[in-house]
1. Name the residues in region 64-77 that are surrounded by 13 or more Cβ atoms within 10 Å (Cβ to Cβ), out of contact with any helix residue (DSSP H, G or I) (no Cβ under 7 Å at 6 or more places or on another chain) and either more than 20 Å from Thr146 (Cα to Cα) or in contact (Cβ under 8 Å) with a residue 40 or more places away in the chain (or both), would you?
2. Take the conditions of a type outside the set (Phe, Trp, Tyr) and under 28 Å from Asp70 (Cβ atoms) and apply them to Glu245. Does it pass?
3. Checking the condition outside any strand (DSSP E or B), at pLDDT 95 or above and either under 19 Å from the mean Cα position of the chain (by Cα) or small (Gly, Ala, Ser) (or both), which residue from Leu50, Leu58, Leu101, Leu86 passes?
4. Quick one: which of Val103, Val82, Val61 is in contact with a Phe, Trp or Tyr (Cβ under 9 Å, 6 or more places away or on another chain) and not basic (Lys, Arg)?
5. Taking the criterion of being surrounded by fewer than 20 Cβ atoms within 10 Å (Cβ to Cβ), part of a loop (DSSP other than H, G, I, E, B) and either among the acidic types (Asp, Glu) or modelled with pLDDT of 95 or more (or both), would at least one residue in region 37-45 satisfy it?
6. Looking at the structure I just gave you, is Pro206 at pLDDT 95 or above and under 27 Å from Gly164 (Cα atoms)?
Amino acid sequence: MSNPLGISVGQANYQLLPQYAAAGFEAVEISLPGKPIDELRVFACEAYALLRKAGMTLWSVHLPFGRRLDISALDEAERARVIGELKLSVDLARGLGAQTLVVHGSSEPNEEESRPARMEACAKSLRELQACADGMNLAIENLPRTCIGRAGWEVAQLSRECAGVCFDVNHLLIEDHNAFLDAAEKRVVTTHLSDYDGVDERHWLPGMGIVPWKLVHDRLIAAGYEGPFLFELGLDAEKRPYAPERIVTAWRGLVER
């Protein structure tokens, strides 16, 4: 496998960056929480210093998200406020030298009848954020439940307004991985890898759920995917980050067989 391994780090696991590097991870995503920009800058710079010391590369920055940062907001003044706030994080990512930005297409819940208008608002926001990204690739992440971008065709359509798609393999609740990839595989520019039960997102260790890992890996490679296989995991049964070596062992056992 020529694609490097990557890991998404937030406040719960960024201090493990030296251990991730020792386990074979090369690329890093810094996931920014929904906090004031001064706090984001402190966290991001601490994480960046650690990853550089460990000999790793900053691949992506996950822009903040949540109900107050919904880029599909139907009220134009509110949508403009959200974009203005997210642009501060885009500037932060540019200063750190990130290659890719990951963004959520909406928060939730969303009424079915609002989806066409929210898709339009989301597309407009993606155009504006990509223009601001100035050389970085903006990727819209597929999301679960009632979020905008819950299906392959939705993110494939929306990704026309930006660089491509962040494929989160544990967010598919209304279609399987083959169906998603049929619609969006050529648009995938980065990944969020974790496992789940098909009922809701879980962010489990690969192999603990239903994700067809070999299929996902092989189809992405066949489609020309050149980015890292980047993991975005939750906590284990003891409420601790999964051990870096355990992640690598699970992944290799699933995709190399």
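1. Listed by number, the list holds a single entry, Phe65.
2. Numbers: of a type outside the set (Phe, Trp, Tyr): yes; under 28 Å from Asp70 (Cβ atoms): no.
It is false that Glu245 is of a type outside the set (Phe, Trp, Tyr) and under 28 Å from Asp70 (Cβ atoms).
3. Values: Leu50 fails: either under 19 Å from the mean Cα position of the chain (by Cα) or small (Gly, Ala, Ser) (or both); Leu58 fails: outside any strand (DSSP E or B); Leu101 fails: outside any strand (DSSP E or B).
Only one candidate qualifies: Leu86.
4. Sole residue among the options that is in contact with a Phe, Trp or Tyr (Cβ under 9 Å, 6 or more places away or on another chain) and not basic (Lys, Arg): Val103.
5. no
6. Yes; evaluated as a whole, the condition is true for this residue.
Let's see how each residue does on (1) buried (at least 16 other Cβ atoms within 10 Å of the Cβ); (2) part of a helix (DSSP H, G or I):
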residue: Ser8; (1), (2): yes, no
residue: Gln11; (1), (2): no, no
residue: Pro18; (1), (2): no, yes
residue: Ile30; (1), (2): yes, no
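The values are calculated or read from the model by the stated rules, or taken from the named source; none is laboratory data. Quantities reported herein were computed from a predicted structural model and do not represent experimental measurements. Heads up, the Cβs are rebuilt from the backbone with ideal geometry, glycines too, and the neighbour counts pull from every protein chain shown.
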